[in-house]
Amino acid sequence: MSAELLTVGQSVPPIYGIEKATGALRFPADINLPNMLWMKILRSPHAHARIVDVDATAAEKMPGVAAVITHKDVPHVLFGPYQNEIYPLDEEIRFVGDTVAAVAAKDWNVAEEAIRVIRVTYEVLPAVHDPESGVRQDAPAAVLHYPESHEIKPGDIRPDQLGTLGNVIGLKEGGPTVVNQRGDVKQGFAESDVVVERVFRQSEVNAVSHEPRACVAVYENDTCTLWCSVQDPYRLQDSTARVLGLPMEAVRVVSTNLGGAFGVKVTGRFAVLCALLARKTGRPVKIWFTREEESLDSHNRSALTHYVKAGAKKDGSLMALNVRTFLDNGYWPYGGLGQNIAFAICTRPIDLYHRCPNVKWEVFAVRTNRPSTGPYRGRADAESHFPIESVMDELAYAIQMDPIDFRLKNRLHEGDDLCSAPNKIMSTVWLEEATRAGAEKIGWQRRSEFPAETQGARKKGMGMAMVIHSCGSNPAGISEAEVTIDAAGRISLFSGTADQGSEQQTTLRQMVAEVLGVALDDVGGCNADTSTCPFDSGPFSSRTVYATGIAASRAAEEVKKRLLEHAANSLNEVVAALDIGKKTVWVRANPSKRIDLGQLARLAGGSISGKGIHNAKEDRLFAYGFAAAFAEVEVDVETGEVKILRLVSSHDVGRAINPMIVEGQILGGAAQGLGYALTEGFYFDQRTGTALNQWFLDLRTPSILDIPDIEPVMVELGEPTHPFGAKGCSEISYVGVAPAVANAIYNATGARVTELPMTPDVILKALHDAQRSGA
Amino acid sequence: MEPEESHKIALKINGHVHTVEIDSNWTLNDVLRNRLDLTGTKRACDYGGCGSCTVLMDGVDVYSCSILAVEAQEKEITTIEGLGNSESLHPLQKSFALSYAAQCGWCTPGMILSAKALLDRNPNPTEAEVRMALSGVLCRCTGYTSIIQAVLEAGRVMRGER
């Protein structure tokens, strides 16, 4: 198959590369329009409060101010990124940084001055600052007023169980948000030869997309256009239409290119308020977040605590796993983006270790007076793999088995049923292949030599972690794509997905070019503009190359079929006698008898188009991505510093449509994962809920001096549910890094690090604990 | 004497002189992006922490968010738009574009200008020198390897080895 492919499998340069390197590419923040106003948001200084009174008179009178809106001025309409559960502005304020009011003024300076003179009287309410205390009987309520109704959107999971009892999201009758249970864990532990118990704590982290969110809104003739930094333009279209009271088709959202998103750039108040101000003033309005706003008004990876108990037999059989997880869900009344994360946390690792017969995993997703938490790169699996892969490692050491062999003995296989995707059957699992390839790359057997090499305070070690993550078949996702041939013979792909840096349009066009037998340069098109592109759930769950790729390939196949039918008519031949390629259709037996695509489009009335759709609900076979991360480290036991000597990130990618892009995604994800492992944390004052390090450098993302040359490995053994065998892999490399580094530190020092990030003080404490328990 | 609130200043950017009337507290970044529509220069942090607003001032890579527009008078400012365009790419722009060293593209203009300042003063840098020179610009997407390779590749082209 591969020998005959034209562009699939080739590392062609990304289509937006030159525009990015010349600065010509316009992101939403780069749009400047004549007569444009600047918007600023007044944000709450309190974690939980009720607005008693708001007086905006002084702001309204300030020269240069065009409009002010408060909760008294906005439509009483629910909207949201997940379900419709928040108002554009609310009387109840639920976190420090929550949106109180908004101003539009002639420039950002005036807007900033204007928000400072808005006088707000707050009734300060008791607040919930961490999930574990939030579940207690005597805890205050993080949310006082629930919208009387909330609408679950079609396609979302678990719609029926939402209640408002206590601070735990979910079950109306109380208890955890989700429980994943099978077998009998008590029995499983009784049958185990070794049992380990650990508590893991992970700090909240921010995605730190470098582009602070922006929105430019234009309202004229009862239509509204938004250029906005969102990954879900169709949801923003829906939200804006309901808030403005317009039909969907009167709202256009454009989010073609984003300066990094990583899952967190979804529909929010800033965008619908921008639209409301554009309507109120009749002028274009622009908002562009400061870094502080980008940190606070985002969706962070939740802070987590996991209580883990796991047991195994000496022969390497994993017997029982019992976990209780507390997840900070932030301010959402009905759970927002967090409830599905809770479900995935307690199901995916159990699918990975499918052979484990006894499981009980409870997740408490807790309402708190904190910024939202949500789907950041490696969603749910970065949350769960650190504890699970640490405990698997510990069990392997306890039964004196190679950690790789122990994991592989208990792993998922093709054809297994899935608790993370009920009623689905597992498609390909190239997990063992990816793990062995990674082990070979790093030289896993060299671990035994390390004690001899160790000198003084610097201890060398090697560790690994195995990973499952979405590769695009998110059960809630729907992707459509359209391919058209116009009268000039131009081929265009219309796709609803934003390019947030993964250059998916390049990859999608490669697939279309391949189906039609044309060069990549022959395929143009546009993406993420709701006025011209068909629906797509958006680039989440690593789904674009997989799900949108299936839709785009189907659209191209449909167009190909129509082209051949038209050609058969006009050439007086049967379809089977024709060949297509190089923008022409010809008769196989007589290649001089031919017709080009433009002619065919003209014969068909000006254009020929085809649509393709992928709806994961319809598939019985379910695809997942698999990976293994390997770290070689040097730990200074006197200072607690860790040096990453090598990092290997090995992946079941199905098939790399564009190896350069796949490799880039693997490296980028692993580098972010290293930040999660060693330096990044987003912290809040435990009494006031105020963010402590919302500024750029204080979030401590890795610099060019912190990241070693990461070594990617791609295992390409295909995936039958995708026309070219591809699996999405833009997130999965993030997931395994933290546990692999933790396991390498254990291998080097004998100390289990159970806290993220693994800063020197955390490592020193782990070393101290290990010494004490060993003595 | 009361300080003046607004100024009429002349800035020399990419070889052209622009006269603009601005408030005292406008940064060079504000003028480039919001007055002259040179939006290739980005901003990610507001205070000289990220490097995505990097421009060249008299050949030195500086953070345009941390320089008041009034301070930039009588200097030669180069932005990404002045380095090259799609018709005539600078070797750095070409190597970044072709090798996927620009993923989301937000840090890319700052990276390229910082790299240009390096290659102008040190045409044949080692990998360690590239890392040190670019350490004032952060990237969230690439893991940096492709950026380092793109700078080394552009260096080879500029030295005539390619």
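No value in this document is a laboratory result; all are computed from the given coordinates. Quick caveat, the model's predicted, so the values are computed rather than measured. Backbone-built Cβ (ideal geometry, glycine too); neighbour counts: all protein chains shown.
Values for this structure:
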quantity	calculated
Per chain A, cysteines lacking a partner by the 4.7 Å Cβ criterion	A:CYS224, A:CYS346, A:CYS356, A:CYS419, A:CYS471, A:CYS526, A:CYS533, A:CYS729
Relative packing of peptides A:268-280, A:191-203, A:53-65 - highest average C-beta neighbours within 10 Å first	A:268-280, A:191-203, A:53-65
Helix runs (DSSP H) in chain B reaching 24 Å along axis by Cα, Kyte-Doolittle at least 0.5	none
As computed over the range A:701-775, the Cα convex hull volume per residue (Å³)	150 Å³
Cα radius of gyration and Dmax for the range B:84-158 (Å)	11.0, 32
Inter-label distance for A:ASP73 and B:GLU87, nm, one decimal - labels placed 7 Å from Cα along Cα-to-Cβ	4.6 nm
Charge dipole (debye, nearest 20) of the range B:84-158; +1 at Cβ of Lys and Arg, -1 at Cβ of Asp and Glu	80 debye
FRET E, pair A:LYS582, A:ASN109, Förster distance 56 Å, beta-carbon r, rounded to 0.05	0.45
Sequence-separation-based contact order of chain A, relative, with Cα cut under 8 Å and 6+ spacing, percent	15 percent
Chain B, relative contact order [Cα under 8 Å, separation at least 6], %	22 percent
Mean-position separation - Cα centroids, the range A:1-67 and the range A:685-737, in angstrom	23 Å
Shape metrics for chain A, restricted to C-alpha atoms - Rg then Dmax, Å	27.0, 89
Sorted peptide list for A:338-345, B:10-17, A:415-422, criterion being average Cβ within 10 angstrom, highest first	A:338-345, A:415-422, B:10-17
Cβ neighbours within 10 Å from other chains - mean over A:206-216	4
10 Å Cβ neighbours from other chains, averaged over peptide A:492-503	2
Helical segments meeting 15 Å axial Cα length and Kyte-Doolittle 0.5 threshold in chain A (DSSP H)	A:269-281, A:659-678, A:737-749
Total charge dipole magnitude, the range B:1-88, about the Cα centre, Cβ charges on Lys, Arg, Asp, Glu only, Debye to nearest 20	260 debye
Gain on full stretching of the segment that runs from A:ARG355 to A:GLU565 - 0.36 nm per residue minus C-alpha separation	70.5 nm
Stretch gain in nm, segment A:ILE425-A:GLU449, where the contour uses 0.36 nm per residue and the Cα spacing is subtracted	4.4 nm
For residues of B:125-131, the mean tally of beta carbons on other chains within 10 Å	1
Förster-model FRET efficiency, 35 Å R0, B:ARG162 and A:ARG594, C-beta, rounded to 0.05	0.30
Taking the convex hull of Cα positions in chain B, its mean projected area over all directions (nm²)	9.9 nm²
Pairs from A:LYS593/A:LYS727; A:LYS286/B:LYS116; A:LYS309/A:LYS441; A:LYS441/A:LYS643 whose Cα-Cα separation, in the structure shown, is over 28 Å	A:LYS593/A:LYS727; A:LYS286/B:LYS116; A:LYS309/A:LYS441
Label-zone membership for the range B:59-76, site B:ALA10, 7 angstrom Cα→C-beta point, backbone N under 14 Å	B:73-76
Using a Förster distance of 22 Å, the FRET efficiency for A:ASP698-B:GLN73 (Cβ separation, nearest 0.05)	0.10
Mean Cβ neighbour count within 10 Å, used as a protection proxy, ranking A:643-650, A:461-468, A:407-414 highest first	A:461-468, A:643-650, A:407-414
Approximate spin-label separation A:TYR146-A:LYS643, in nm, with each point projected 7 Å along Cα-to-Cβ	5.6 nm
The range A:345-468, relative contact order in percent, only Cα pairs under 8 angstrom and at least six apart counted	30 percent
Cut-off 19 Å, label 7 Å out along Cα→Cβ of A:GLU197, residues of the range A:398-432 by amide N	A:398-399
Ratio of Rg to Rh over the range B:6-82 (Cα coordinates, Kirkwood Rh, two decimals)	0.91
The range A:652-670 and the range A:215-283: distance between their alpha carbon centers, rounded to Å	32 Å
Charge dipole (debye, nearest 20) of the protein assembly as shown; +1 at Cβ of Lys and Arg, -1 at Cβ of Asp and Glu	1060 debye
Dipole of the range A:594-713 [Lys/Arg +1, Asp/Glu -1 at C-beta], most positive-end residue of A:ALA623, A:LEU647, A:LEU603	A:LEU603
Gyration tensor over alpha-carbon atoms, the range A:245-360, equivalent ellipsoid semi-axes in Å	44, 15, 13
For B:VAL130, net neighbour charge (Lys/Arg +1, Asp/Glu -1) across residues whose Cβ lies under 15 Å away	-2
Stretchable slack from A:LYS186 to A:ALA519, in nm (0.36 nm times residue separation minus alpha-carbon distance)	113.8 nm
Estimated inter-spin distance, B:ASP58 and A:SER531, nm [label 7 Å along Cα→Cβ]	4.7 nm
